[in-house]
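To start, the structure under review is shown below, and the notes come after it.
The values are calculated or read from the model by the stated rules, or taken from the named source; none is laboratory data. Not measured: the values here are computed from a predicted model. We place every Cβ from the backbone using ideal geometry, glycine too, and count neighbours over all the protein chains shown. For accessibility, only protein heavy atoms count, side chains too; no ligands or nucleic acids. Shrake-Rupley method; radii C 1.70, N 1.55, O 1.52, S 1.80 Å.
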Amino acid sequence: MDPNPKTFPILSYVMGRIPTFGPRPTATATAGTDPDYVQVDIEALPPPAPGAQSDPSSSGAGGQYQIVDHMPRLTDPTLLDSMTRAVADVAQTRSVLNTIGDRPDHEAVDAAKAKLADIEANLAKQLEDLVLSPRPAEVDRLQWRSHLADKESECRKAAEMEKQTYKAVIQLDEMHKAYQKLLRDAEERLAKIYESAAAEAREGDPVTEEVNEEVVGILQEASGTGLERVDLSGRRLRFLPEAFGRIRSLIVLNISSNQLEIIPDSIAGLQNLEELNASSNLLESLPDSIGLLHRLKILNVSGNKLTALPDTIAHCRSLVELDASFNSLTYLPTNIGYELVNLERLSIQLNKIRSLPTSVCEMRSLRYLDAHFNEIRGLPLAIGKLTKLEVLNLSSNFSDLTELPDTVGDLTNLKELDLSNNQIHALPDTFGRLDNLTKLNLDQNPLVIPPMEVVNEGVEAVKVFMAKRWLEILVEEERKSMLEVQEQAQTGWLTRSTSWLKGYVSGVSEYLVSPRAPKDPYLDQQL
């Protein structure tokens, strides 16, 4: 019922601070009875699974992303009050839906529609029977018409009573559908309010001149010395001067937690740059010239507004770590994996990616892949080529991820696997071959294979169960293969015998039915 923080981050944050929505009691205490009561914010993402590796680039308590890290002005009481008033309609609608109930599932709605159609068909049949029913001779015509009208009214009322329950299901679904549109509109309104407030604040920002002076000072220092490291994080920078591209000696550049909307093309001049941190800015795209940073090893562009990565990023062949999490990516460049053969860590969580390109399977050095909180529907069939992969997080792809390919069993170095919050019914039959797997999270999946009692026993029990299942499958296939060989042998003998018999019969038949030679008058005379 609450807005999904993944889809409506600003709205989730604002509604989490409306008094009617929070604070909320913890599992062991309630507000007013326990001084240690903790307020739960609905914008906070779920905590990482037990044993799951935390993301070093994440911020906030417990290693979770907090939206205020990326939109700091949300803590302004005046702005928050304005936003709260702007979503009053959402709060009211949510309260109504909370009272009525959760959204029915798709199957229930389809069943209700089918039932309504049946009721309408039955009503039509009843009314037809009424119209065609003969009038008794002793009944007056007017009385008969009145009788038919009463009967028709009764039939319609009974049908309407029967339809009420099913109509309620459909109406509830439509209300929830309308609520989703309301959420989208509200999120857009809040984003505009925030941008407007941020623009006004930037106009009168007293820090801007100081920041510019600091940047100028760095550029002046770099012109006389071989400057290797620059840290401009958290300076409220709105742009990066083109002159930065002339600091050829620069190895590490940190421009995170600013208000940068673009990175200049001149960054290509940083030929010795090995580490670039541009996280937590307002970047909507990266320059194509970033592909000229051939020595770049670590690139962090998380927490921006990126909708795509440039194709040229594949030319950064020295990349070892790439963090593009918490953006709006819908896909990765098609050829990204063919050239990033040295990449060891790929973090693309909290995006809108629907599938991984096949080229990802060519990242033979990859050890860590985090793709949780996306819309991934499956893995490439060649995923088993990533034989060095040690950590794989595919959690919280929700209804999109329903199965894994059998080639997952080829990830023989895999140590940690998180598949929680998906719709996986069965693990691949080759799962038992993951000998090095020590951490496994399968929570919130409708698993049938293996059964939940096995899952609850831990990762080793799961591996043993799947290994036995794989062995049984191999034995069964071998048995079928032997039966086929025997059948082929028997069929071959019978085929040869039948073929010989057919040939013999064919020869006799040909002799019997073939036209005879012309009669010889002399022989006939002798006979």
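Could you give every pair whose Cβ atoms fall below 6 Å, whose first residue belongs to the range 159-176 and is closer than 9 Å to residue 119 by Cβ and in the same structural domain as residue 118 (by the TED database), and whose second residue is open to solvent by less than 80 Å² (accessible area, probe 1.4 Å) and part of a helix (DSSP H, G or I), counting only separations of at least 6 or pairs across chains?
159/119; 159/123; 162/119; 163/116; 163/119; 166/112; 166/115; 166/116
Consider only pairs whose beta carbons are under 6 Å apart and that are at least six residues apart or on different chains; among these, list those whose first residue lies in the range 351-376 and is closer than 16 Å to residue 418 by Cβ and whose second residue is open to solvent by less than 40 Å² (accessible area, probe 1.4 Å) and outside any loop (DSSP other than H, G, I, E, B).
Hits for this filter: 368/391; 369/346; 369/392; 370/347; 370/393; 372/393.
Does any residue of the range 370-386 turn out to be open to solvent by 10 Å² or more (accessible area, probe 1.4 Å) and under 17 Å from residue 439 (Cα atoms)?
There is at least one residue in the range 370-386 that is open to solvent by 10 Å² or more (accessible area, probe 1.4 Å) and under 17 Å from residue 439 (Cα atoms).
For the range 340-455, give me every one of the strands (runs of 3 or more DSSP E) that falls completely inside it and has 1 or more residues that are touching a His at 6+ places or on another chain (Cβ under 6 Å). If you could, list the steps in order and put the result at the bottom.
Details: elements: 345-347, 368-370, 391-393, 416-418, 439-441.
Those strands (runs of 3 or more DSSP E) span 391-393.
Checking residue 110 against (1) modelled with pLDDT of 85 or more; (2) part of a helix (DSSP H, G or I), which test does it fail?
Status for residue 110: all satisfied but (1).
I'm told residue 192 meets every condition in (1) of a type outside the set (S, T, N, Q); (2) loosely packed, with under 12 Cβ neighbours inside 10 Å; (3) within 38 Å of the chain's Cα centre (by Cα); (4) at pLDDT below 80 except one. Can you identify the failing condition by its number?
Result: residue 192 fails condition (4) only.
Please determine whether any residue of the range 237-245 is at pLDDT 80 or above and in contact with a strand residue (DSSP E or B) (Cβ under 7 Å, 6 or more places away or on another chain). Can you show your working first?
From the range 237-245, those at pLDDT 80 or above are 237-245; that's our starting set.
Pick out the ones that are also in contact with a strand residue (DSSP E or B) (Cβ under 7 Å, 6 or more places away or on another chain) and you get none.
Within the range 237-245, not a single residue is at pLDDT 80 or above and in contact with a strand residue (DSSP E or B) (Cβ under 7 Å, 6 or more places away or on another chain).
Identify the single condition in (1) open to solvent by 90 Å² or more (accessible area, probe 1.4 Å); (2) closer than 30 Å to residue 180 by Cα that residue 122 does not satisfy, given that it satisfies every other one.
(2)
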